[in-house]
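K.L.:
My structure is below; once you've seen it, I'll send some questions.
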Amino acid sequence: MDSTEPSPSEGTGISPRSRLRLSIGRRPADLLQLALAGGLLTLSVLLALVSPNPVELAIYQQLGRIPAISDPLWVVLTWLGTWAGIAGVAVVALYFGWIRVALLCTASGALSWGLAQVMHHVLGLRPVVEPYIGPAGGFPFPADEVAVVAALTVVASPYLGGLARYVGWWLTALVGIAAVHLGGHLPLGVLAGALLGWGVGMLCHVVWGAPGRKVSDQVIYEELELAGLKPASIVALRHRSLAPREFGVDTEDGRTLRVKVVRRMSRRAGSWYKIKRLLTLLDVQDEPQLSTPHHEVEHEAYVTLLAERAGVRTPQVVLACDVKHAPALLVVYEVSGRRLSELRGAEIDDELLAAIWAQLAALAAARIAHHDLRAKNILVDNENRPWLLSFTFSHAGADEARCAQDLAEALISLASVVGTERTVSTAIRALPREQLAAALRNLIPLALPRRIRNQAERRRYLLAELRETLADGLGLPIPGFRSPVRPITVIGLLLIGAAVYLLLPELSSMGEVLTAVQHANWVWLAVVVFTGFLAILLSSISVQGSSRIPLPFWRTFLVQLAAAFTGRTTPGGAGFFGINVVYMERLGLRRPLAVGVTLLNQAGTGAVAFVVAVIGAFGAGMSGTFTTLSIPTGWPVVVGAIAVVVVGAVVVGSPWGRRRIVRPAGEVGRELLDTLRHPVRAVQLFGGAFGYLVVSGLGLAASLAAFHTEFSWTAVTVVFIVGSTLGHLVPSPGGLGAVEAALLAGLGAMGVPATAAVTAVLVSRLLTYWLPVLPGIAVFRYLQHRGVI
């Protein structure tokens, strides 16, 4: 491997400025950023049409208290956002010979300043009350100084590098602070100015292009010549927008090279996946961190060399380098053949599968985890030998857990091509039993990246079939349910809970809330605790009605009690689904049936909640219970409703919507209708769900009765069903924060005093929802010990 620093351009055919010019182009991300800046700027304009909120005024007041001795510094900073700043940047750019930069900075600075002046004229001054009196009795919107500095930063950064970007945005922030401190603008005006400048800068990139957006064949040709590879011709290969660009190169000595151009780090696309794993899975191995595209190229070349030394077939690395004014390059020798994803199952014989497992065994023996063992990254050459490609996500010095996850990824990839039976049978013949047992524990969705799971989209239950087939082949039980609660999850849950239980009482008075708790009716509080556990019992009855196969009552009840721990402490109730699916698998149900039972139970509960909420809301409304409730009207509401309907129709009518929404909803709907043909199951499913919702609502009513006696029990139950259903749509553990807010809004609409409402909601949630988590932990451990889950 020849790993170099940015290649010098002295003595070569392309000057530095020519390289810069050759890399100027446009990319879709520029247009997306322009649209995002425009949307946020529009939102800030709408917010500017109303009176400044107390938080904004408080920030303005605090920044105004900066010692006056520093005022000369803040005044000088504001000059950067005037014509003096625009002229200064243009003069410096011209001095260094950057004519294009000077022209673009002048144009973008003038345009942002002009647009800011137009907005000042159209929107007028933002009026405020004493003692916040701005210039001429109000504040202009947006901050033109900030808009100019932001535009100059966005335009100049691609030409000057990352350091200029950071310095420019820090100067933008300082200019914004100066504008507020000197009394010229409010904080929202500063934010709008930054958005305006960002949008103008991105508009310049969209219209005139920017460096680093395009890869030049001429630059690649010169880099290969400098490395002594003697290129004869270069052909651009087809590529996807988010994947690295690839070129095929024929050399004068008759060899064929493949050049990978890495202009963005591939690992940045996995942040959401990492967050989900962090919150919902235990003992997950994260992918190693990289810093730059050049680092990524060097890392891939290094691990590829290690794999080659360990006897793994992988294309030989020729060159890895960083290129000035162009992305990093990785050059390897081309191997003729076809990707495994391009072959049909019938074209892949058992001998080839055995050879693939041998390559993976050699990789694991060298303690290298590939972490991207998709079928497309396994090449079959003309002699029917497998080669492993693309070590971008690889990890050298991997432990057993990483190697087990790697093997699980390979099992999924091969099963997507040749089926589960052949994949499992050949793997059992080729690999040690303990390695496959470790991989079996990783055959769960959240342990696998999306790029691996997507291979199984054409076969909906491929992952479940593979897990069951491998467990049967090894003579092992299907892996038990692992606790999805990690220490970081508990800490986050406690922090959110502390914030909710400290901030909500401020709606009335913390002292009044504490006094109300001290004088509470403790008999009613005991009833509240009882309703929490009774609701879990009714929930277990509902689960029984969801299954066509009879479920043992008390064991099902204990599983639901354990689900109070796993489900209420994970976002979206992921732990509830997981523990019930594993429980039913242990009873002998296949994965598709277990998932169907769980979904049917949730659908039945949701249908009952919808019917009860609609009937209860209309009934309570006709009786005049909600005395302070008002429904917004007017054309903005109509336009918003129409927009929601149109967007929903487009999503549902799209191929993704038909596959992910319409088809599963139709299957669940047919299951619900089929349940009605079995009276006992229907009573269990719908009656248990109805009882669960009503008893939980009565828990809130009993909590309110401990502090306040004059209210409608029926209306409080309706408030609970509506508020709980809406609150749990928020992806926080147990809907924490959202459910409390929704219940408070409902009780407030009933006319319940603020102190009683806040106290009742917090106490009810604590005793009925969070208290069962404690016995749920003990039951969860007991069920694990007994092999139930």
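None of the figures in this text is laboratory data; all of them are computed from the coordinates on show. Computed from a prediction, not measured in an experiment: that's the story for all the values here. Note that we place each Cβ from the backbone using ideal geometry, even for glycine, and neighbour counts take in every protein chain shown.
K.L.:
I'd like to compare 56-67, 148-159: which one has the highest average count of other Cβ atoms within 10 Å, and what's the full order after that?
P.N.:
In descending order of packing, they fall as 148-159, 56-67.
K.L.:
Subtract the Cα-Cα distance of Arg385 and Ala164 from 0.36 nm times their separation in residues, and report this length gain in nm to one decimal.
P.N.:
Here the segment from Arg385 to Ala164 would lengthen by 74.6 nm.
K.L.:
For Glu400 and Glu351, compute 0.36 nm times the residue count separating them, minus their Cα-Cα distance, and round to one decimal in nm.
P.N.:
15.0 nm
K.L.:
Same structure again: Starting from the Cα of Thr256, step 7 Å along the direction of its Cβ; do the same at Gln316; then give the gap between the two resulting points in nm.
P.N.:
The two pseudo-label positions are separated by 1.7 nm.
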